[in-house]
Amino acid sequence: MDSTALLTLDDKQLTLPVIVGSENEKAIDVRALRDKTGYITFDEGYGNTGSCQSSITYIDGEKGILRYRGYPIEQLAEQSNFIEVAYLIIHGELPTLEQRKQFSTMLTESSAIHSGMEHLFENFPADGHPMAILSAMINSLGCYYPHLATNDHERDVATYYETAAQIISKVRSLAAYSYRSSRGLPFIFPRRDLPYCENFLHMMFSEPYHQYVAKPEVAAALNLFLLLHADHEQNCSTSTVRMVASSGANLFASTAAGVCALWGPLHGGANMAVIEMLKSIHAEGDDGTKFVEQAKNGKADRRLMGFGHRVYKNYDPRAKIIKQSFYSALSALKIKDDPLLNIAMHLEEAALKDDYFLSRRLYPNVDFYSGLIMRAIGIPENMFTVMFAIGRMPGWIANWKEVASNPKGRINRPRQIYTGPVTRNFVPIDQRR
């Protein structure tokens with residue numbers, strides 16, 4: 001028998017259906033509430049609101065569980081790679097050997113940027129933020145591939161896999177080009193013989209007279225970073241993608257909107273905030289000891305960044321995974337006596353041993369290690385969020401597909417509670433005080 005919830009309003013009662021997910025998550029379906037009672041629900045920030053039903057990612061924050069399409073993140077991180085996981089998220093199943101080859105070939109053949117788009121980079125200011133450039137350029141792809149951006153969901157869904165490959169491949173090229181453009185450096189074209197992450201690093205750091213060759217540990221760390229960020233349920237940027245998609249917008253426009261949402265410092269800027277925190281601690285001549293004590297006493301003049309998580313009330317499973325890769329990359333790059341790294345290790349030790357942090361579950365999260373990895377690789381801080389966007393692209397793409405493929409889908413249109421002035425009469429300008 002289906003579950004229901006009984007809502008009592010004044011002297012009326014309303015029976016509401018209960019939706020149960022595949023992991024026994026439960027939600028009260030309130031879609032009939034306003035029509036039958038005149039009431040709406042109020043949940044500022046949507047912390048207790050389910051905006052959709054999705055089959056992509058499952059999170060249990062209390063237990064520290066993260067799964068993509070049912071597969072535990074620990075298994076994917078150990079046995080798979082970013083490209084295979086991107087295929088899984090976009091297609092819904094792990095690829096066969098032949099399907100993986102075909103997908104990799106599609107990405108290789110789609111990596112080059114249209115020559116017309118290269119000229120667009122020249123018109124951005126030299127100090128233009130890479131996220132602004134990335135968003136604009138992803139949106140511009142719709143101009144160069146109009147058959148993939150019709151704003152007709154039926155037609156756009158029919159070309160979904162081609163569009164997905166174009167975006168997954170080109171986002172790294174656009175990111176690298178935005179970096180080089182901001183520094184007045186010549187563009188480096190992608191190579192057909194390099195894997196996804198190595199190709200990105202080549203486009204970022206090679207020069208016409210010198211080929212950058214990524215150390216295996218560095219490429220592995222970047223691959224893992226992207227894999228761990230591939231999707232994370234209905235966060236701010238993913239919800240933005242779905243919101244925009246609900247209007248009928250194409251995949252390029254919707255993912256460009258996701259980039260804009262991710263740009264916000266409260267969402268995509270956490271790993272950069274970790275580095276800024278470490279820099280400020282170092283500038284004060286502190287090795288982290290003083291800051292830890294200030295944080296415990298509530299006297300710190302800045303927030304403790306990279307610890308704890310809004311969703312995970314246990315250890316962030318991604319942090320456990322990326323930690324070892326971080327140390328492997330440091331060893332390969334022979335980074336030993338870095339003052340920011342020393343402070344970070346001091347904070348990590350305190351978080352894992354001090355009862356203040358343990359009792360509050362303030363464990364290091366994925367942003368703590370990922371910011372340090374990006375810095376070690378040589379990624380500038382204003383590119384950190386761009387790296388996040390590259391990793392999150394598969395999740396955005398798959399969420400767009402769920403919206404665009406829903407025959408019963410409607411444009412998203414939240415309600416509000418108006419708190420402004422009540423009705424008042426217009427006052428001519430010569431009578432205003």
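Among T240, T159, T15, which one shows the biggest mean-square fluctuation in a GNM of the chain, springs joining Cα atoms closer than 10 Å? Most flexible of the set in this elastic network: T15.
Our estimate of slack between D301 and H267, defined as 0.36 nm per intervening residue step minus the Cα-Cα distance, is 10.1 nm. Using only alpha carbons, the chain has a radius of gyration to Kirkwood radius ratio (Rg to Rh) of 1.00.
Across the options H129, G288, F205, the greatest Cα extent toward the positive end of the charge dipole of the chain (unit charges at beta carbon of Lys, Arg, Asp, Glu) belongs to H129. Once you sort the root eigenvalues of the Cα gyration tensor of region 350-433 as a ≥ b ≥ c, which label holds: rounded (a/c under 1.5), prolate (a/b larger than b/c) or oblate (the other case)? Prolate, since a/c reaches 1.5 and a/b exceeds b/c. When only the Cβ of Lys, Arg, Asp and Glu is charged (+1, +1, -1, -1), the dipole of the chain relative to its Cα centre reaches about 680 debye. The value given for region 16-74 is a Kirkwood hydrodynamic radius of 13.6 Å, derived from the mean inverse Cα-Cα separation. Pick out, from T4, A27, G45, the residue whose Cα sits farthest towards the positive end of the charge dipole of region 4-50, with +1 on the Cβ of Lys and Arg and -1 on the Cβ of Asp and Glu. My answer, from the dipole projection, is T4.
Summing Cβ point charges (Lys, Arg +1; Asp, Glu -1) relative to the Cα centre of region 4-50 gives a dipole of roughly 180 debye. The calculated FRET efficiency for E284 paired with Q75, based on their beta-carbon distance and R0 = 41 Å, is about 0.45.
By the equivalent-ellipsoid construction on the alpha carbon gyration tensor, region 319-378 comes out with semi-axes of 22, 12, 9 Å, ordered largest to smallest. Here's the picture: charge each Lys and Arg Cβ at +1 and each Asp and Glu Cβ at -1 in the chain, and of N406, S104, A350 the one pushed furthest to the positive end of that dipole is N406. Top mean-square fluctuation among G269, G50, G371, Gaussian network model of the chain, C-alpha springs under 10 Å? Greatest mean-square fluctuation among the candidates belongs to G50.
For H229, neighbours were defined as the other residues whose beta-carbon sits under 11 Å from its Cβ, and their charges (Lys and Arg +1, Asp and Glu -1) total 0.
Each Cα pair under 8 Å and six or more residues apart adds its sequence gap; the mean of these over the residue count of region 4-50 is a relative contact order of 23 percent. Positive contributions from Lys and Arg (+1) and negative ones from Asp and Glu (-1), summed over other residues with Cβ under 11 Å from the Cβ of Y196, come out at -1. Model label sites at D2 and R432, defined 7 Å from Cα along the beta-carbon direction, differ in position by 5.4 nm. Computed over region 4-50, the percent of Cα pairs more than 18 Å apart is 35.
Name the residues of region 214-235 whose amide N is less than 13 Å from a point 7 angstrom out from the Cα of I19 along the C-beta direction? Answer for region 214-235: 234. Short-range pairs are left out: with C-alpha atoms under 8 Å and at least six residues apart, the relative contact order of the chain is 20 percent.
Using 0.36 nm per residue and subtracting the Cα-Cα separation, the extra length available between I65 and R415 on full extension is 122.8 nm.
Taking the average, over residues, of other Cβ atoms within 10 Å as the packing measure, peptides 97-108, 344-355 rank 344-355, 97-108 from highest down.
Note on region 169-244 and region 260-299: Cα centroid distance 26 Å, given to the nearest whole angstrom.
Coordinate-derived values only; no laboratory data. Computed from a prediction, not measured in an experiment: that's the story for all the values here. Cβ coordinates were reconstructed from backbone atoms using ideal geometry, including for glycine residues, and neighbour counts include every protein chain displayed.
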